[in-house]
Amino acid sequence: MIIMKKDATVEEINNVITEVNKHGLKADVSRGEFRTVIGLVGDESKISFTHLEVLPGVKEARMVDTPYKLISREYSELFVGKDESRIVQVDDVRIGGDEPVFVAGPCAVESKQQLFRIAGEVKAAGAHILRGGIFKPRSSVHSFQGLGALGDAEAREALSWLQEAGHKYGMPVMTEVRGEMQVDLIAEYADILQIGARNMYDQDLLGRVGRTGKPVLFKRHFGASVEEFLSFSEYIVAEGNKDVILCERGIVPVGKGKSFTRYTLDLSAVPVVQHESYLPIVVDPSHAAGRRDLIFDMSCAAIAAGASGLVIETHYNPSEAKVDAQQMITADELKEVIDTCKQISQMVKPHRQRVRAA
Ligand code: PEP
Ligand code: MN
């Protein structure tokens with residue numbers, strides 16, 4: 001990363017960018033209140049740091065030896081405050097701010113009636129963002145794959161319901177992009193593009209999604225370390241898109257016996273990620289637990305651990321859902337989660353502020 005002098009001119013900054021580009025690297029330019037910092041994107045061995053350091057206006061050229069840097073606090077602290085985190089704003093919803101944000105909706109969009117009923121109910125329960133899968137990642141090709149799999153017209157129709165439901169109930173909408181071919185279509189309708197756990201490692205998809213400039217909810221793969229999770233999120237940010245919301249959704253359980261949950265919710269990932277990165281992190285207790293009777297407990301724990309929000313699968317009649325019926329909760333249950341989590345968030349706030357100020 002290249003730290004510019006406080007009084008560096010626009011010409012000097014542009015000159016550095018040109019120099020970086022000449023060597024086949026991209027420049028991530030971050031203009032802070034006091035100084036500009038330029039992060040190099042690409043193979044740093046192609047450029048000489050001693051050469052960069054003597055360019056006019058440059059204060060320091062620093063090699064960063066981590067697999068992720070554009071999302072790191074080490075980088076952000078150079079242009080924003082030490083403890084400032086990024087707030088991803090979608091319409092009037094602020095993810096990463098002082099208040100937790102709740103994303104709710106069905107696992108899969110199944111019909112217009114189903115989606116609109118759930119949308120109205122989750123809104124009334126206090127949700128801020130509506131979710132609903134149209135292209136579903138499924139383990140069996142013989143199971144319901146989401147309405148998107150039925151054809152282009154069906155995909156467009158389901159996406160338009162999602163958009164319409166969002167408008168009707170005043171919520172931004174989020175849906176999963178499972179492959180590169182779906183990116184442009186989904187970006188036409190959704191406010192937030194979701195990268196599912198299975199696609200965390202698909203760097204081509206991440207690049208494509210990053211280039212849309214739309215906010216991205218980026219899920220951790222169930223076999224990924226926190227370091228891999230952060231490193232792969234950098235593929236989105238490297239496209240100049242810093243509106244990334246990280247999402248912990250459980251990792252593979254260990255041992256031979258029964259685990260009793262679908263995945264193991266790694267809640268320590270929440271404070272760890274916040275220590276490493278200035279991107280907001282939310283938690284999905286639904287896919288982690290895979291059981292509706294654990295959603296309240298895991299939600300409370302996630303907010304106590306500092307999560308900026310939750311993603312919760314909700315349905316008026318969970319047992320009739322075609323996908324993930326066992327983990328959906330009703331809107332009444334969602335309301336209890338949201339009301340309690342808001343209180344927990346207030347309770348832990350003074351502690352969090354003290355830690356940040358220290
Ligand atoms: C989902 O949120 O619909 C989903 C499939 O989750 P995950 O990618 O975490 O399994
Ligand atoms: Mn699901």
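The values are calculated or read from the model by the stated rules, or taken from the named source; none is laboratory data. Please read these numbers as outputs of a predicted model, since none were measured by experiment. For neighbour counting, all protein chains shown are included, and Cβ atoms are generated from backbone atoms with ideal geometry for every residue, glycine included.
Descriptive notes on the structure:
- Applying the criterion of at least 1 residues that are in contact with a helix residue (DSSP H, G or I) (Cβ under 9 Å, 6 or more places away or on another chain) and assigned by TED's automatic domain parsing to the domain that holds Thr314 to the strands (runs of 3 or more DSSP E) found wholly in the range 77-151 leaves 101-105, 129-131.
- Scanning the range 45-69 for residues being at positive phi and touching a Gly at 6+ places or on another chain (Cβ under 6 Å) gives a total of 0.
This table checks each residue for (1) of a type in the set (D, E, K, R); (2) within 21 Å of Gly96 (Cβ to Cβ); (3) in the same structural domain as Val122 (by TED's automatic domain parsing).
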position: Ala158; (1), (2), (3): no, no, yes
position: Ala165; (1), (2), (3): no, no, yes
position: Lys219; (1), (2), (3): yes, yes, yes
position: Ser233; (1), (2), (3): no, yes, yes
position: Asn241; (1), (2), (3): no, yes, yes
position: Arg249; (1), (2), (3): yes, yes, yes
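- Filter pass, Asn15 being more than 27 Å from Ile192 (Cα to Cα) and touching a residue at least 12 places away in the same chain (Cβ under 8 Å): yes
- Filtered residues of the range 178-196 (kept if within 11 Å of ligand 1 (Cβ to nearest atom) and crowded, with 23+ Cβ neighbours inside 10 Å): Arg178, Gln194, Ile195
Table: residues versus (1) of a type in the set (A, V, I, L, M, F, W, C); (2) exposed (fewer than 15 other Cβ atoms within 10 Å of the Cβ); (3) free of Cβ contacts under 8 Å to residues at least 12 places away in the same chain.
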| residue | (1), (2), (3) |
| --- | --- |
| Lys6 | no, yes, no |
| Val10 | yes, yes, yes |
| Ile38 | yes, no, no |
| Arg62 | no, no, no |
| Pro106 | no, no, no |
| Ala119 | yes, no, no |
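- Pair list, Cβ under 6 Å, 6 or more apart: the range 187-200 residue over 12 Å from Leu130 (Cα atoms), other residue modelled with pLDDT of 95 or more and of a type in the set (Phe, Trp, Tyr): Ile195/Phe218; Ala197/Phe222; Met200/Phe232
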